[in-house]
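This report refers to the structure that appears directly beneath it.
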Amino acid sequence: MLSVALGFAGPALAWPQSLREGLFGSRPSDGRQFAAPPIARYVSEDGDVFTLDRTQPRPLLKFDNSFEVWALTPQPAPRGDTIYKNDLGEPVLRATRLGGITIFTEQRPGGSAAALAGVGSPLRLAIMGPQALLERLAQASARASRAARRLIPFEAEATPASSALIADSAMITSEAVVRMTKRADSRHFLDRILKVRLVEGRKASAQVAQGVLEVTVAPPQGLAGRPSSDRIVQVAETFR
């Protein structure tokens, strides 16, 4: 399954000499705080590999085994730490002032320590033409329809400025549909969604009306300008 062309490829993992060094870095002798690369790759205790790109206004995170890029919101925490939350306000990452990283996942909601593995590559959207967008919409529709075992068409109102983001949002929406098919408490909500429409707007959002799941993207915000799969699932589950 193809996803929007992003700069995912990274250099070979440069393993730290020790877990402590990987988590907290080598503390400088002058007492300064350790600073991780602005775009870095990490490996969790469970073996999950992910890239954290902090060069954007909203930090971005992507696991190697997923095509979804998560836009995070940093918030200060006790002891000078920073907590990074998703668009539902849930913690995804915690960074200490010394460079330590804890990743929170569905499998490890209590958190898993992650070691710095080297410099990462930027997480970016690539320019996309009309034909490539149509192909991506078809891929998203096929993936969602296969999971739901019925046709779920995807349509979009796109411009050159929004094509790449809409294509990415289509794949994220298909991921939300796949996740809903695996949850007994979401199946009956999914059965009432007849079509997916992707449009431009001033703010990223998702809503369901008259059987249409409408996903709005905000192109000026880049990858942060579209709802996550978590947000889309939540919206679908509250549909009445």
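Residue pairs whose Cβ atoms lie under 7 Å apart, sitting 6 or more positions apart in sequence or on different chains, and linking a residue in the range 77-94 that is farther than 16 Å from T51 by Cα to a partner that is of a type in the set (V, I, T) and modelled with pLDDT of 95 or more, are A77/I83; P91/I83. Of the strands (runs of 3 or more DSSP E) lying entirely inside the range 68-149, those containing at least 1 residues that are of a type in the set (F, W, Y) and closer than 17 Å to S228 by Cβ span 69-71, 82-85.
Across the range 195-211, the qualifying residues are those that are among the hydrophobic types (A, V, I, L, M, F, W, C) and in a strand (DSSP E or B), and the one among them that is farthest from S169 (Cα to Cα) is A209. Here M171 passes the criteria (1) in contact with a Ser or Thr (Cβ under 6 Å, 6 or more places away or on another chain); (2) on the phi > 0 side of the Ramachandran plot except the one numbered (2). Among A164, A126, which is the only one that is under 20 Å from the mean Cα position of the chain (by Cα) and either crowded, with 18+ Cβ neighbours inside 10 Å or hydroxyl-bearing (S, T, Y) (or both)? The conditions single out A164. Considering only residues that are crowded, with 22+ Cβ neighbours inside 10 Å and outside any loop (DSSP other than H, G, I, E, B), which ones fall in the range 150-161? F154, A156 - these are the residues of the range 150-161 that are crowded, with 22+ Cβ neighbours inside 10 Å and outside any loop (DSSP other than H, G, I, E, B). Once the range 176-205 is narrowed to residues that are crowded, with 23+ Cβ neighbours inside 10 Å and in contact with a Lys or Arg (Cβ under 8 Å, 6 or more places away or on another chain), the residue that is modelled with the lowest pLDDT is M180.
The residues on offer are A148, A115, and the sole one that is farther than 20 Å from V196 by Cα and of a type in the set (A, V, I, L, M) is A115.
The values are calculated or read from the model by the stated rules, or taken from the named source; none is laboratory data. The structure displayed is predicted, hence computed values, not measured ones. Cβ atoms come from the backbone with ideal geometry, glycine included; neighbour counts cover every protein chain shown.
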